[in-house]
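What follows is one structure encoded as C-alpha cells, with my remarks underneath.
The values are calculated or read from the model by the stated rules, or taken from the named source; none is laboratory data. Please read all numbers here as calculations on a predicted model, not as lab measurements. Positions of Cβ are backbone-derived with ideal geometry, glycine not excepted, and every protein chain shown enters the neighbour counts. Each accessible area value is taken on the protein alone, full model and side chains, heavy atoms only, with ligands, DNA and RNA left out. Shrake-Rupley method; radii C 1.70, N 1.55, O 1.52, S 1.80 Å.
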Amino acid sequence: MEDELDPEIAALLANSAANNENAQDDASDSSFASDAPSFTSSSSNDFSVDAPAKKTNSIHEVDLSQKCFSPLPKLLNDTPSQVFNDTKYYKTALTGENQSAQRVHQVLSKYLTCQDPKDRAVYRQQIVTAYWELLRGMVGKMANDNVPKPKKMLVRFGVLLPSLFKQETKEFFSRIVEENQTGEPILYVDEWFKEIAAGRMNNSATDEKKQVKTANMTAEQAASAEHSRLMQLQSKNSGKLQSAENLLGIKENERNMLENDLRNHIQDLCEHSPIMGCEPHTNAYTEMQRKMLPEITDLVHRLSKNDKELSKALEEYKEAKATYDNVQDKMEASGGQSVVTNDSEAVKIEFETVRQMAKMTVGRRGNQFPIFTREFYHCTEKGTGTRENVIEVLRWIESLDPGVFHRIHKNIPNRIVPYVCLVPTYGDRGFCWEPFDRYNRVTSRGRIVVPMYPKDLRIAVLTAVADLRWQVAKEKASYYWMEEGLTGQYYQHIEQMKLKGDLKEFFIEDYILWMTKEATGVQRLDKDVRGIFWRNMPFPKELKEDLRKRSLVYDDLCKKDANREMSDGY
C-alpha cells in the first residue's frame, strides 16, 4: 500500500532544485508523510454540484457603451493568502477523488524519486494521463462555493505540491487576486467550469455534438434539452436586442445634438437690437443671422431624416424586446435556472474541450507536463498569465490596434471583448477557439485561450488576438474571404509571393511584427503587407503622426490616407 507519501519524496521536495527554501517550507515538506491522504476509502460522485453558484451577469452582458478597459484596482493583493502554506494542502487537494487521486499519488512518487532518465520520462508521460483523469472528476465541483481552496488552486494553477514552488514564486502566487474584480470576461479554468455548470455560459463550440434521441430521453434530459433550445433563442434575440438598443441610442443622441443646435440657432435668430431713436422698433436680421437661415433649414431636414431613422430603430427595438421577453417568460415557466444549476453533462463535454485547448497551447512538441513545478516555470511576475497581467497586455494591444475588438453591424462598430480562458500550461501560443457564438453573430463574445506560463506573455496573447482578428474578418467576408477585406487582400498578397504554408500562421506572424516592430517605427514587414495592415488595422491617429516623422515610408502612407479621404474612398 502507498497510502503514505514516501519520506524520501519529502526530503527530495525540500532540496529538489536548490537549498534556498526556508525553515517553514522544510517543515511543510516533512509533514507530507504524516498528512498524506488515504485513498482506499475515498468516495465521491464525479461532477457533483452541492450548491448553486452565485448569480453574476456582469461578465456575460456586453456593454456596448464601454470603449476601453477600465483601470484595474490592483494587480496583486497587499496581503498574501496562506493557502500554499497549509501543511495539509496536498491531502486536501487529493482527498475524495476516487482512484484517480491514488494513481496520481503513486506515479508522482515514482517520478520524483526516479534517477533513471528513461524511467523518469515514462513516469512523466504517465503523470499527464493520470492528472487529466483526476481533473475529470474535479472540475464539476468548481461550481460549489464551498469547494476547498487547495482543490480550486489545483484546477486553476496546476499546483499540486506547494513545495515545488521557489519561495519567491510561492509569495507571488499567494498575492494573486483570487476573485474577478475587473468586470472583464477573463476567466481562470475553475471559473470557466463554474460558469458552464451554472448555465451562465454555453459550451464551447465543437465540430461534433452528441445527440440524444427524443424517445430515449428522461424527463430531466428533455427539460435540459428544451432549456438549451430556449437558451439558443435567447442568445439570438439578445444580439438583436442589444444591437437595436445601441442603434436607437445613437439616433436619440443624434437627435439631441441636432435639437440643441437648432434651439441655439433659433435663440440667436430671435434676438433683435432696438433702433436708436425709433423705439420700440428693432433692427432687421444681421448678416450673421441671415447666414443662420439656410443652416436652420439644413438642421430641420436632418431632423426629419433622423426622425424616420429613429422611428424605424424604435420599431426594431420594440419587436426585439417583445421577442426577448417572450423567450424569457418561457424559460422561467420551464423552471428557470433550476434546470441548469446542476448541469454535470455540460461540464463533462466542456472538460474534453478544455483539455484540447490545453494541448493546443503547448503544441505537439511542447511540454505537456500538467503540474506546476519550479523545474519548468521560468516566468517573471509580469510575464505570468494572471487575469490582471493579461488585461494589461490586452489594454496595450487595444492602444495600438483600436479596432481589434470591434465587429461592424449596420455600419456601427460594436466593441466586444471575447471570453479569455487562462489555462495553466507551459505553452507559448494563444489562439481563438471561436470568433463569436454561432447563434448570435452580432453581440456575442468570442472565445480565446491563453497559456498561463509562456516564455513571453505578450506574444502568447498576441497570437490569440491575431487569430481572433483573422477569424472575425474571414467570417465577415463569408464566401468572398479570398477576395474581399483584410483576408482577401492578404490572401492575394501571399498568392502573388507564391508562399507555401498555413495562410493564417503567416498572418499571425506578420501581426506580431506589426504590433511589436512597426508600431515603434522599425520596418520589418513587406511593403504590401504594411499597406494592407495600415488600411485595415490602422494605428491611432496620434501614433500615425509620430511615425510619419520617423520615416518617409509612413509619411507616404499618411499621404495616401489623405488622398482616400478626399476621394471619399476611405
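For the range 280-394, how big is Rg over Rh, using alpha carbon atoms and the Kirkwood form of Rh?
Expressed as Rg/Rh, it is 1.37.
Pairs of alpha-carbon atoms within less than 8 angstrom and 6+ residues apart define the contacts here; what relative contact order does the range 448-570 have, in percent?
Values: 88 pairs, mean separation 20.5, N = 123.
Computed value for the range 448-570: 17 percent relative contact order.
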_Histogram of C-alpha separations across the range 418-570, 5 Å bin width, %_ = 2, 9, 15, 18, 19, 17, 12, 6, 2, 0, 0
*How long are the three semi-axes of the equivalent ellipsoid for the range 72-125, computed from the Cα gyration tensor as the root of 5 times each eigenvalue, in whole Å, largest first?*
32, 17, 11
*Heads up, I need the accessible area for ILE459: 1.4 angstrom probe, whole protein in place, Å², nearest 10.*
50 Å²
*Zone of ALA121 (label point 7 Å along Cα→Cβ, backbone N under 17 Å): which residues in the range 355-390?*
364-369
*Taking the Cα atoms of the range 274-318, what is the range of coordinates along each of the three principal axes, in descending order and whole Å?*
60, 19, 8
*Under a 5 Å amide H to amide H cut-off, with H placed in plane at 1.01 Å, what residues pair with VAL423 once short-range neighbours are removed?*
VAL450, MET452
*What residues have an amide H closer than 5 Å to that of TRP433, excluding those fewer than 5 places away on the same chain, when H is modeled at 1.01 Å from N in the peptide plane?*
ARG447, ILE448, VAL449
*Dimensions in Å of the range 419-494 - Rg and Dmax from alpha carbons*: 13.9, 39
*Candidate residues LEU457, LEU543: accessible-area rank, largest first, probe 1.4 Å*: LEU543, LEU457
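Which values, in whole Å and largest first, are the semi-axes of the equivalent ellipsoid of the range 365-480 obtained as the square root of 5 times each eigenvalue of the Cα gyration tensor?
On the way: eigenvalues 168, 43, 24 Å².
Working from the Cα gyration tensor, I get semi-axes of 29, 15, 11 Å.
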_Can you give me the orientation-averaged projected area of the convex hull built on the Cα atoms of the range 69-193, in nm²?_
9.1 nm²
*Name the long-range amide H neighbours of ASN414: under 5 Å, sequence gap of 5 or more, or other chain; modelled H, no Pro or chain starts.*
ARG407, ILE408, HIS409
*At a 1.4 Å probe radius, which order do MET257, MET566, MET360 fall into by accessible area, largest first?*
MET566, MET257, MET360
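Restricting to the range 407-525, compute how many DSSP beta bridges are antiparallel as a %, nearest 5. Don't skip to the end; give the middle numbers.
Numbers: 7 of 12 bridges.
Beta bridges within the range 407-525, antiparallel portion: roughly 60 percent.
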*Take TYR554, TYR426, TYR317 and sort them by solvent-accessible surface of the protein heavy atoms, 1.4 Å probe, largest at the top.*
TYR317, TYR426, TYR554
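Which entries of LYS240/LYS318; LYS118/LYS166; LYS74/LYS544; LYS91/LYS141; LYS527/LYS560; LYS67/LYS410 show an alpha-carbon separation above 20 angstrom in the structure shown?
LYS118/LYS166; LYS74/LYS544
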